[in-house]
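*Asks:* First the structure, then my questions, so here it is.
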Amino acid sequence: MESIEDIKKANMLLHGFDISSSPLPVGTEFSEFAYLLSKIEFMNSNSQIKKISKWRMKKDAKEYLDSKIKVRDVRFCKDRMFYKLNGMTVSSVSELASVYNDVSKYVNPFDIPIKYNSENGQFYGLVVFHQGLYDTLEFYKDMLLSITHIELSDKINDLNTSCYLHEIMHTQLIEPKGKVKDYNNGEVLSMFMEFVYLLDKDSSEILLKKTEENKINYFLYEFNNMFKYYYENDGTMYEYQVLKSSKYASSILKAIKLFQIYYYGNISIRREIFSYIQRVIDGSIMLEEMLDHFDVTHESSIDGLIYKYLLRK
């Protein structure tokens, strides 16, 4: 598997995304909205973020999420199984996928090991390479993603708890495949959960606004990559590379749009949102059906209302 296109297809099949997912177009309206967001002046609140213990972070995250949804067990596989499996001899793609699927076990997502480093939080699935057979895309369609660990920043504070919840939400969307159809929506629920937790955690909204600032800055960074791809590309940028930027840019805006509905909604609306989230997690509907229900689209995310929300006092 050598081409960028095949790597894209393998990733789409492994996670259950539609292989036809493509980057959002960057037109005048989208560009003008990005410029509008770049002019927002956020408050400096670094001094307000207190440190907490790793134990407290994990406890707070579990108790909070358990109060909101019914968490599903997820597939877990230790890192060292990668090396063990790599030395096995198999006769077919289906047999190889079956072997990988059989070595994992189901665990509560909060029992997945956490590795702390100086980087931002990330969710890690089992990385699969098996000489010869992994070149066949059929393998990625049959394989079920197993989680090896979650990585978080070693700077433990109240914001870390929301990052941890972000990664836990990812674990809830990987099986069965197809809960999220469009790759551009891959981060929506994880980011939404960050916002909801921080709203409930801190009535002053200092932590929430700090996270919103981080998300908008990240959106602007990814939007800039998309703009360069469409208007300044010298041939060194590929569609799959910019698709990743599109995923984050699109997900950030849709997550804020969904949270705006939650933020201003009454108890009934808030309960309805989490009812739909549970249905997505359980696999009874796709995320896109939920987003359609609440009119969370790319168009509604750049209509100016989230700009007004971000300017709130």
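The values are calculated or read from the model by the stated rules, or taken from the named source; none is laboratory data. Note that the structure is predicted; figures quoted are calculated from it, not measured. Quick reminder, even Gly has a Cβ in these numbers, built from the backbone with ideal geometry, and neighbours come from all protein chains shown. Heads up: the accessible areas ignore ligands, DNA and RNA and are worked out on the full protein's heavy atoms, side chains in. Shrake-Rupley method; radii C 1.70, N 1.55, O 1.52, S 1.80 Å.
*Asks:* Over the chain, what is the relative contact order in percent, taking alpha-carbon pairs closer than 8 angstrom and at least six residues apart?
*Replies:* Answer for the chain is 24 percent.
*Asks:* Next question. Please determine, in degrees from 0 to 90 and to the nearest 10, the orientation of helix 239-264 with respect to the longest principal axis defined by the Cα atoms of the chain, where the helix direction is its Cα long axis.
*Replies:* Its long axis makes an angle of about 50 degrees.
*Asks:* Still on this structure: Rounded to the nearest 0.05, what FRET efficiency do residue 313 and residue 272 give with R0 = 41 Å and r taken as the Cβ-Cβ distance? Could you check?
*Replies:* So the FRET efficiency works out to roughly 0.90.
*Asks:* Out of 16, 283, 235, any idea which swings most in a Gaussian network model of the chain, alpha carbons joined below 10 Å?
*Replies:* Result for the chain, Cα springs under 10 Å: 235 fluctuates most.
*Asks:* Follow-up question, since we're still on this one. Which angle from 0 to 90°, rounded to the nearest 10, does the C-alpha axis of helix 158-171 make with the longest principal axis of the chain?
*Replies:* It is inclined by approximately 40 degrees.
*Asks:* What whole-number value in Å² describes the accessible area per residue of the range 191-313 for a 1.4 Å probe?
*Replies:* Solvent-accessible surface per residue comes out at 44 Å².
*Asks:* For residue 118 and residue 203 in one chain, what is 0.36 nm times their gap in residues minus the Cα-Cα distance, to one decimal in nm?
*Replies:* That pair, residue 118 and residue 203, stretches by 27.7 nm at full extension.
*Asks:* Largest first and to the nearest Å, give the Cα extent of the range 229-273 along each principal axis.
*Replies:* The principal-axis extents, from largest down, are 51, 16, 8 Å.
*Asks:* Hey, another quick one. Which aspartates and glutamates have a Cα less than 16 Å from the Cα of residue 228, not counting those fewer than 8 places away in the same chain?
*Replies:* Of all the aspartates and glutamates, those that pass the test against residue 228 - Cα under 16 Å, at least 8 places apart if same chain - are 32, 239.
*Asks:* Further question on the same structure: What is the percent carbon and sulfur in the accessible area of the chain, measuring with a 1.4 Å probe over the protein chains and ignoring ligands?
*Replies:* After summing per-atom areas, the C and S share lands at 49 percent.
*Asks:* Stokes-Einstein at 10 °C, 1.306 mPa s, Kirkwood radius from Cα pairs: D for the range 202-313 in µm² s⁻¹?
*Replies:* 101 µm²/s
*Asks:* GNM, the chain, Cα, under 10 Å: largest mean-square fluctuation among 151, 95, 194?
*Replies:* The residue that fluctuates most here is 95.
*Asks:* Highest GNM mean-square fluctuation, the chain, Cα pairs closer than 10 Å: which of 195, 223, 33?
*Replies:* Maximum among the listed residues: 33.
*Asks:* What's the angle, to the nearest 10 degrees (0 to 90), between helix 28-38's Cα axis and the longest principal axis of the chain?
*Replies:* 70 degrees
*Asks:* A follow-up question, please. Go through the range 220-225 residue by residue and turn each phi into a ³J(HN,Hα) via Karplus (6.51, -1.76, 1.60, θ = phi - 60°); whole Hz please, and just put x for glycine and proline.
*Replies:* The phi angles translate into 5, 4, 5, 4, 4, 4 Hz.
*Asks:* Follow-up. Return the subset of 70/254; 58/105; 9/141; 50/313; 58/181 for which the Cα-Cα distance in this structure is over 19 Å, preserving the input order.
*Replies:* 70/254; 58/105; 50/313; 58/181
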